[in-house]
Each structure stands twice: as C-alpha cells, then as structure tokens.
Number of protein chains: 2
Amino acid sequence: MRIIGELPARPAVFAAGEEIVREGTRQKESCLVTSGFAARSQSLRSGERQITAVHVPGDFVDLHSMMLKVMDHSVVALGPCKVAFVPHERIREVTEQSPHLARLFWLSTTIDGAIQRTWITCLGRRSAEQHLAHLICELYVRLEAAGIASDFTYGFPVTQAELGDVLGLSVVHVNRKLQELRSAGLVEWRDGKVTIRDFDQLARLSEFDPTYLSLRREAR
Amino acid sequence: MRIIGELPARPAVFAAGEEIVREGTRQKESCLVTSGFAARSQSLRSGERQITAVHVPGDFVDLHSMMLKVMDHSVVALGPCKVAFVPHERIREVTEQSPHLARLFWLSTTIDGAIQRTWITCLGRRSAEQHLAHLICELYVRLEAAGIASDFTYGFPVTQAELGDVLGLSVVHVNRKLQELRSAGLVEWRDGKVTIRDFDQLARLSEFDPTYLSLRREAR
DNA sequence: CGGTCTATTGACTGGCGTCAAGCACCGTGG
DNA sequence: CCACGGTGCTTGACGCCAGTCAATAGACCG
C-alpha cells in the first residue's frame with residue numbers, strides 16, 4: 001500500500017533475481033518498492049523455494065523486519081527493481097508521534113495478511129489454472145490501483161520458473177496452464193507483458209473478488 | 001499472541017463448528033480466543049473451504065475486522081470455544097493513547113503474517129506428510145508457549161475433515177497420512193488428543209524451525 | 001432401533017511432477 | 001561472420017501423489 005513517506009530514505013537499485021534482504025538476518029532498516037517488483041521467498045533444504053508475496057511499487061515490503069527481529073524470509077527482486085531503505089529507528093519515532101501513521105502502517109500489514117490468506121486458499125483449494133488466473137487478476141487490480149496499469153495490460157517481468165515459485169507449481173506445468181489460458185483467449189503473456197483479453201471470464205474462472213484488497217476508499 | 005487486555009470484553013461461548021464471525025459482514029467488535037480453538041476460513045462456490053489460520057487461547061483473532069471493514073473470511077469454532085468481543089472503538093482509543101499497546105497489536109498482526117507465510121510454503125512446496133507434521137509441530141510450540149501444553153501432548157478437537165480444510169487435502173488423504181505418522185511411531189492422535197512421540201524426528205521430517213513464531217523474548 | 005457423524009479401507013482416476021529433448025534467442029569470443 | 005554456451009520456453013512420455021467414489025464399521029443420539 002502506498003504510504004506517504006516523508007521519511008529519510010536510502011535509495012538502492014537491484015537487478016533481476018538479486019537478493020535485497022536475506023532470510024535469517026537481523027535488519028536495521030525496512031524497505032519499500034519504488035519501481036519494479038519485489039517478492040518474499042522462503043527456501044527449503046532441497047533448494048526449492050516458495051514465493052509468499054509479490055510487491056508492487058508503493059508497497060512497504062518489510063515493515064516486518066522491524067517487528068520480527070530475525071527475517072523469516074528473503075526479499076528478492078523480480079525483474080529490475082528500485083527500493084528505498086528507511087531506518088527502523090525513524091519508523092519507530094514516527095509511529096510514536098503519530099497514531100495516525102502508526103495506524104496506516106498497521107493497515108498495510110493487515111492488507112498484506114488478507115492477500116496472504118487469499119493465496120493460502122488458492123494453494124489449498126483451487127486448481128493450477130484457477131490459481132494462475134487469480135494471480136493475473138490480483139496483480140492487475142493492484143497495479144491499476146497503484147496507477148501503474150490500465151487497459152488490462154501490465155508489465156510483469158518474471159520467468160516461468162519464478163511464476164512456478166509463486167504458484168507452487170513446476171515450470172512445465174506453469175507453461176502448460178499458461179498456454180491453456182492463451183488458447184482460451186483469456187490472456188496474452190509475452191516478453192514480460194501481460195494482457196488480459198477477458199477480465200470477467202478470468203475472474204469468474206478463478207472466483208476472483210477484489211474485496212480482500214481493501215481498495216475502496218473508506219475512513220480508517 | 002497474548003495481549004494483556006484490561007479492555008471491556010463481552011464473553012461468548014460457541015459450540016464446535018459454529019460460526020463466530022461471518023465472511024462478508026462488517027463488524028463493530030474484534031474477538032480474542034480465551035479457551036479452545038478458533039479458525040479463519042474462506043469458502044468457495046463449490047462448497048469447499050480452506051482454513052487459513054488456527055487460533056489458540058490468547059490470540060486476538062480478528063483485529064483484522066477493525067482495519068478491513070468487510071470481512072474477507074469467516075471465523076469459526078474448532079471444537080468448543082470461548083471468546084471475548086471487544087468494541088473497535090475501545091481498541092482505537094487505547095491504541096491512540098498508548099503507542100506501546102498499538103505496537104503490540106501491530107506485532108500480533110505481524111506474527112500472524114509470519115505464520116501465514118509459513119503455511120503458504122507448506123502448501124506450495126511440502127508434501128502432504130511434511131505439511132501435516134509441520135502443523136503438529138507448530139501447534140505444539142504455540143500451545144506450549146501459551147502455557148496450555150507440555151510433555152509433547154495437547155488437545156486439538158478437530159475432525160479429519162477439518163484437518164483437511166487446514167491442509168488443503170481430502171479427508172481420505174488426511175486419514176492415510178495420519179496413519180503413516182502413527183505407524184512410523186512419530187505421533188499419536190486419538191479422540192482429539194495429540195501426542196508427539198518423537199518431536200525431533202517430526203521437526204526434521206517437516207523442516208520445522210520455530211523462529212518464525214517469534215517466541216523468544218526480545219524487546220519490542 | 002434407525003439416522004447421522006466420523007474414521008477407515010479399497011479400487012480407480014487424474015492432476016501435476018519428473019525426465020528428457022528440442023528450439024529460439026541472446027551475448028561472447030574466435 | 002559464425003561457433004558456442006547459457007537461459008528460458010515448449011513439448012512428449014511416463015510415473016506418482018493425492019482426489020474421487022464407494023462401502024464398511026463404530027460411536028453417539030433421538
């Protein structure tokens with residue numbers, strides 16, 4: 001979520017696939033995405049990994065690191081990505097002085113949680129095809145709300161392997177399901193550019209309901 | 001997480017399976033579990049459902065309802081369950097007056113998020129057996145920290161169907177995997193009572209690492 | 001005593017993973 | 001200019017994990 005930051009921020013640039021914050025470390029700063037995409041990922045002994053969240057510009061990726069002390073996940077760049085680091089100390093000060101800002105940070109964490117719950121349901125109870133369709137819908141709605149996407153098109157520069165890590169699927173299966181959506185005329189996805197040909201159908205297929213994203217303007 | 005509440009609370013009792021808060025509604029109170037287990041669940045058109053979180057006594061189940069306005073999930077009782085409802089208004093006042101308490105609520109939400117991330121990884125990248133083993137470990141550690149469990153035993157009165165809704169599996173498969181853990185001598189599970197026979201082995205099997213639960217005492 | 005709920009088991013099916021090969025595209029160096 | 005290795009996408013063959021369907025048995029209850 002977009003948090004208006006008049007905070008002192010240290011900008012940094014990362015190339016596709018680079019690690020922004022490492023699992024298991026203790027941080028003194030939190031970062032927010034200013035351009036491109038970042039993701040949270042957890043890895044297993046086998047070398048497999050699972051991406052547990054995707055962040056778009058404006059998202060405060062790891063407010064978590066401040067509260068959790070030890071990172072339970074890494075933050076990586078999906079495609080080229082710019083971020084800004086803000087010292088925990090400053091966030092702490094700001095939240096103590098302004099209950100309103102504290103509330104906004106808390107809200108951000110809460111919406112994050114709502115998205116994660118939806119992902120859990122996608123992983124547990126939806127088919128691969130539905131899950132993929134759901135993700136495509138979610139990203140469009142989030143990016144549109146952030147003012148970065150329109151006309152049912154957006155850039156999302158990830159490999160199919162990374163997509164597999166998001167969906168909990170193998171590369172091969174991602175490839176097949178993607179082709180099914182393509183040949184059904186629902187989606188185009190080429191060179192990191194996604195175009196939704198039939199949003200309603202895609203939403204119906206995946207039972208996508210954007211309520212959980214809390215994008216409607218309401219007093220908080 | 002245990003939030004010390006000197007807040008005005010309206011107590012309520014729910015029977016196994018009863019709905020405490022309904023998906024899609026707007027609430028004016030948040031609830032915390034005082035005894036028994038509650039769960040968050042999302043349901044699909046097909047009638048299937050996914051449980052996205054399990055809450056133990058001391059957990060502030062849906063602080064969410066305050067921030068999110070419209071519930072993105074239901075809260076249901078797993079087994080008999082006692083809860084306390086606290087008006088949002090009171091929580092709001094308290095957090096505005098005490099940055100420290102606001103911080104504790106925020107921390108609670110953050111840890112909640114860490115647990116959800118782990119569940120995502122379990123669903124996406126672990127086998128059914130590992131996932132089940134991981135859940136058994138997690139619940140024990142959380143209950144022990146809450147002072148409700150010891151000696152590797154705890155009560156968890158859920159049906160195998162509910163367990164399936166937690167793990168994203170069918171009843172039949174839950175039954176089979178449970179039997180495998182039993183016959184491997186790792187776990188006993190009868191009549192809603194879980195006994196871990198070999199915690200280390202179970203943790204190794206499922207790659208369980210309790211760090212994400214943030215139970216180590218650290219200044220916040 | 002029949003009805004409902006839960007646990008259990010077997011037979012069969014199917015979605016998704018694994019393995020492997022073949023392309024297309026790229027940047028590099030000879 | 002072309003050989004090359006690397007990376008990512010695509011496709012086919014095959015196998016296994018988990019779902020579905022169905023039936024049985026026990027516990028509880030009205």
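The values are calculated or read from the model by the stated rules, or taken from the named source; none is laboratory data. Treat the numbers as computed from the prediction; the structure is a model and nothing was measured. Glycine also receives a Cβ, built like all others from the backbone with ideal geometry; neighbour counts cover every protein chain displayed. Surface accessibility is based on the protein's heavy atoms, side chains included, excluding ligands, DNA and RNA. Shrake-Rupley method; radii C 1.70, N 1.55, O 1.52, S 1.80 Å.
Quick look at the numbers
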| read-out | value |
| --- | --- |
| Among the residues listed as A:Arg220, A:Arg126, A:Arg204, A:Arg117, the single one being within 14 Å of chain B (Cβ to nearest Cβ) and modelled with pLDDT under 95 | A:Arg220 |
| Elements of type strands (runs of 3 or more DSSP E) in segment A:1-63, at least 2 residues being in contact with a helix residue (DSSP H, G or I) (Cβ under 9 Å, 6 or more places away or on another chain) | A:29-43, A:49-55 |
| Checklist (1) open to solvent by less than 20 Å² (accessible area, probe 1.4 Å); (2) within 15 Å of DNA strand C (Cβ to nearest atom); (3) hydrophobic (A, V, I, L, M, F, W, C) applied to B:Leu139, failing item | (2) |
| Residue in segment B:71-83 that is more than 10 Å from chain A (Cβ to nearest Cβ), buried (at least 22 other Cβ atoms within 10 Å of the Cβ) and under 30 Å from A:His100 (Cβ atoms) present | yes |
| Scope segment B:182-196; condition on the phi < 0 side of the Ramachandran plot and either within 14 Å of chain A (Cβ to nearest Cβ) or within 16 Å of DNA strand C (Cβ to nearest atom) (or both); matching residues | B:Arg182, B:Ser183, B:Ala184, B:Leu186, B:Val187, B:Glu188, B:Trp189, B:Arg190, B:Lys193, B:Val194, B:Thr195 |
| Close pairs from segment B:196-210: first surrounded by 20 or more Cβ atoms within 10 Å (Cβ to Cβ), partner aromatic (Phe, Trp, Tyr), Cβ under 8 Å, at least 6 apart | B:Ile196/B:Tyr140; B:Ile196/B:Phe152; B:Leu202/B:Phe208 |
| Count of segment A:84-97 residues which are basic (Lys, Arg) and within 12 Å of B:Pro99 (Cα to Cα) | 1 |
| Considering residues of segment B:170-186 that are open to solvent by less than 40 Å² (accessible area, probe 1.4 Å) and within 20 Å of the chain's Cα centre (by Cα) only, the residue farthest from DNA strand D (Cβ to nearest atom) | B:Leu178 |
| Single condition B:Thr211 does not satisfy, out of (1) under 24 Å from B:Ser127 (Cβ atoms); (2) within 11 Å of DNA strand C (Cβ to nearest atom) | (2) |
| 2 or more residues under 30 Å from A:Ile111 (Cβ atoms): qualifying helices (runs of 4 or more DSSP H) within segment B:103-185 | B:128-145, B:160-167 |
| Conditions (1) open to solvent by 60 Å² or more (accessible area, probe 1.4 Å); (2) over 16 Å from A:His73 (Cβ atoms); (3) touching a residue at least 24 places away in the same chain (Cβ under 8 Å): number failed by A:Ala15 | (1) |
| Test: residue in segment A:149-166 that is open to solvent by less than 20 Å² (accessible area, probe 1.4 Å) and closer than 21 Å to B:Gly113 by Cα | yes |
| Selected residue [open to solvent by 10 Å² or more (accessible area, probe 1.4 Å) and within 15 Å of DNA strand C (Cβ to nearest atom)] from B:Ala128, B:Ala146 | B:Ala128 |
| Within segment A:40-57, considering residues that are in contact with a Ser or Thr (Cβ under 8 Å, 6 or more places away or on another chain) and in contact (Cβ under 8 Å) with a residue 40 or more places away in the chain, the one farthest from the other protein chains (Cβ to nearest Cβ) | A:Pro57 |
| Any pair with Cβ under 8 angstrom, 6 or more apart, that starts in segment B:160-181 at a residue that is closer than 11 Å to B:Ile51 by Cα and within 11 Å of chain A (Cβ to nearest Cβ) and ends at one that is open to solvent by 40 Å² or more (accessible area, probe 1.4 Å) and near DNA strand C (Cβ under 8 Å from one of its atoms) | B:Gly164/B:Val171 |
